[in-house]
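Encoded as structure tokens, the structure appears first; notes follow it.
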Amino acid sequence: KTSNGESEKHSTQAPMLHFVEEAFDIYGHVGEAVARGTSQSTTADLNLHKILDRLLVLSFAAVEEAAGTMWASDGEQQQRGEKAGEASPPPSPPARPVNRSPDELAAMFSLLTVALRRSPALLINLSSGKDSFSRAVQAGTVAMNEKEVDASRSALIFLKTLADLK
């Protein structure tokens, strides 16, 4: 532990993201069935869907705070009028996005990978209304070049899982 309170605060978020990942691994199929409307949903199923949705929204909020400019960097460029396929060249090394918490970033991409496998409709259609999934994909493309191996690897696996969706 460091004497910096912020680092200690962020050190507790990776285990929380792993908990959400386990919840999706176990209950994601129920959230997916409700999101797709493929079966007659019980009240318990609807409540579970709401819980999973809320857990994802809160996870996105946690990682946006912990990851520094890494999570929002491409989204900020696109807000200036660029389309996803027209992103400008990567910034010079001094202007490189800062990731204050590689552990949380790796944990979030691991969570997103499990959510894509178990409940893609729920993940893509989150209730947050902030287009969180799109920003996660953009952050994944940035994180592939991250010096932290776990964050880079987790981002790559997430993007590969997304590409493999049928």
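In region 119-132, the count of residues that are assigned to a helix (DSSP H, G or I), among the small types (G, A, S) and either modelled with pLDDT of 90 or more or surrounded by 14 or more Cβ atoms within 10 Å (Cβ to Cβ) (or both) is one or more.
When E64 is tested against the conditions (1) among the charged types (D, E, K, R); (2) open to solvent by 60 Å² or more (accessible area, probe 1.4 Å); (3) at pLDDT 65 or above; (4) under 25 Å from A35 (Cα atoms), the lone failure is (2).
The values are calculated or read from the model by the stated rules, or taken from the named source; none is laboratory data. Since the structure is predicted, the reported quantities are computational estimates derived from the model, not experimental observations. Here Cβ is always computed from backbone atoms with ideal geometry, including for glycine, and neighbour counts include all displayed protein chains. Heads up: the accessible areas ignore ligands, DNA and RNA and are worked out on the full protein's heavy atoms, side chains in. Shrake-Rupley method; radii C 1.70, N 1.55, O 1.52, S 1.80 Å.
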